[in-house]
Amino acid sequence: IGVILYLSGKNLCWLGFRRKGILGSAVLGLSLGVSSFAISYGVEYMILMAMGRQPGLHFYISNFALTSQNITGLSFATVSICFAGNILNVLAEEGLFRGLFLQMAKTVYPEKISNLIQALLFGLWHVVMVVVWVLDGSMNIPTAVVMAAGYILLAGILGYEWGMCAALTGTIWAGMFEHFFNNFITNSLHIVTQTGADELSILRIVLSNVLSLAFIIMITKKRKK
């Protein structure tokens, strides 16, 4: 990113890292994340209750994957590493996809098409995890195809939504704050039953993604009116 900015004579403001509007964008991004996940956690909890699973909320650090999770426990070190790691990940991904790729696409295509392009690239980027699983032998090809489609769809939905946030606010901050919240809450807040942990997490993730996109669409339409 730095090389391209240098060669093109652009700066971080061109990517959306503007000082103006940080607070409002932070409120918007965190509100989207908190509201969508509050609903999705609640739906998952009630479904598990109806199934007689006796669910409970537990706070511990794990990785995120649609297939499995590796639990690293709960300590100051693990929480700090998770927190810092998510900050770096969000800075890199938002700067690249909602920053560089979106702005580059907008020099050629209309804003909506540009947003679709960066969202698709963001979805494809997440297929890397599936490729790794295939290469290490932990996943077969048919399963990998299904998982890859799932990652492209779920990440693409969020990528498109965060692109809409950038168009709405004129900065990259709203998407960054929601992106960080989504990653951290998924890594740390789990619904545990007597038969396992996060058994319906895919439902929670899909619902939160769809709700978040629906919310930003409604906000955008209201702002335009």
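The values are calculated or read from the model by the stated rules, or taken from the named source; none is laboratory data. What you are looking at is a predicted structure, and each value in this text was computed from that prediction instead of being measured. Quick reminder, even Gly has a Cβ in these numbers, built from the backbone with ideal geometry, and neighbours come from all protein chains shown. Heads up: the accessible areas ignore ligands, DNA and RNA and are worked out on the full protein's heavy atoms, side chains in. Shrake-Rupley method; radii C 1.70, N 1.55, O 1.52, S 1.80 Å.
Assorted remarks:
- Taking the protein heavy atoms of segment 166-219 in the context of the full set of protein chains, the accessible area attributed to carbon and sulfur is 77 percent at 1.4 Å.
- Protein-only accessible surface order, largest first, of Val192, Val128, Val3 at 1.4 Å: Val3, Val128, Val192
- Taking each residue as 0.36 nm, the span from Ala149 to Ile22 lengthens on full extension beyond its C-alpha to C-alpha distance by 42.3 nm.
- Each other residue within a Cβ distance under 14 Å of Asn86 adds +1 if Lys or Arg and -1 if Asp or Glu, for a net charge of -3.
- For Cys165, the accessible area of its heavy atoms, probed at 1.4 Å with every protein chain present, is near 0 square angstrom.
- Length released on extending from Leu88 to Met49, taking residue separation times 0.36 nm less the Cα-Cα span: 10.4 nm
- Mean sequence separation of contacting Cα pairs (under 8 Å, at least six apart), scaled by the length of segment 72-211, corresponds to a relative contact order of 26 percent.
- C-alpha long axis of helix 173-188 to longest principal axis of the chain, angle in °: 20 degrees
- Rolling a 1.4 Å probe over the heavy atoms of the protein chains gives the chain an accessible area of 53 Å² per residue.
- Dipole moment magnitude, nearest 20 debye, segment 52-142 about Cα centre, only Lys, Arg, Asp, Glu C-beta charged: 180 debye
- Between Leu135 and Thr107, the simple label model (points 7 Å from Cα in the Cβ direction) yields a spacing of 3.1 nm.
- Within-13-Å neighbourhood charge of Leu158 [Cβ basis; K, R +1; D, E -1]: -3
- Farthest toward the positive end of the dipole of segment 120-225, out of Ala166, Gly150, Leu207, is the Cα of Ala166, where the dipole comes from beta carbon charges about the Cα centre.
- Axis of helix 141-169 versus longest Cα principal axis of the chain: the two differ by about 50°, to the nearest ten degrees.
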